[in-house]
Amino acid sequence: MIILIGPQSTAEEMGDLNELAGLLGAVCMSPDVDWASVRGFLVAPDWDKCPVASADVESAGNFGLPVEYLKAKR
């Protein structure tokens, strides 16, 4: 399973994150994630502006699993 981490401070951000997860074939980070089945993490742009996403990225790094940072199309 690939987990998507990103900003999730507002309902709009959560909606965007869920939409992006669907497009990428990923699952949004949640307390129900089975860590044994996680193969890697995708990190959405602006993750560092959200305390929850920042904690998720730190946890992902601590588990030593691959982390890929997505770039925003400008």
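The values are calculated or read from the model by the stated rules, or taken from the named source; none is laboratory data. Computed from a predicted model, the values in this text were never measured in an experiment. Quick reminder, even Gly has a Cβ in these numbers, built from the backbone with ideal geometry, and neighbours come from all protein chains shown. Areas reflect the complete protein model, heavy atoms only, side chains present, ligands, DNA and RNA absent. Shrake-Rupley method; radii C 1.70, N 1.55, O 1.52, S 1.80 Å.
Before moving on, here are some points about what is shown:
- Percent carbon-and-sulfur accessible area, the chain, ignoring ligands, DNA and RNA, probe 1.4 Å: 54 percent
- Rounded to the nearest 20 debye, dipole of the chain from Cβ charges on Lys, Arg, Asp, Glu: 300 debye
- 3J(HN,Hα) along the range 12-17: 5, 4, 4, x, 4, 5 Hz, from the Karplus curve 6.51 cos²θ - 1.76 cosθ + 1.60 with θ = phi - 60°, whole Hz, x for Gly and Pro.
- Packing around the peptides 57-66, 16-25, taken as the average count of other Cβ atoms within 10 Å per residue, puts them in this order, highest first: 16-25, 57-66.
- Less than 5 angstrom separates the built amide H of Ile2 from those of Val27, Arg39, all sequence-distant by 5 or more or on a different chain.
- Heavy-atom accessible surface of the chain, averaged per residue, reaches 64 Å², computed with a 1.4 Å probe.
- Stokes-Einstein, applied to the Kirkwood radius of the chain over Cα pairs at a viscosity of 1.306 mPa s and 10 °C, places its translational diffusion at 131 µm² s⁻¹.
- Model label points for Arg39 and Asn62, set 7 angstrom from Cα along the Cα-to-Cβ axis, are 2.5 nm apart.
- Model label points for Asp32 and Lys71, set 7 angstrom from Cα along the Cα-to-Cβ axis, are 3.5 nm apart.
- Virtual spin-label span in nm between Ser54 and Met14, 7 Å along Cα→Cβ: 2.1 nm
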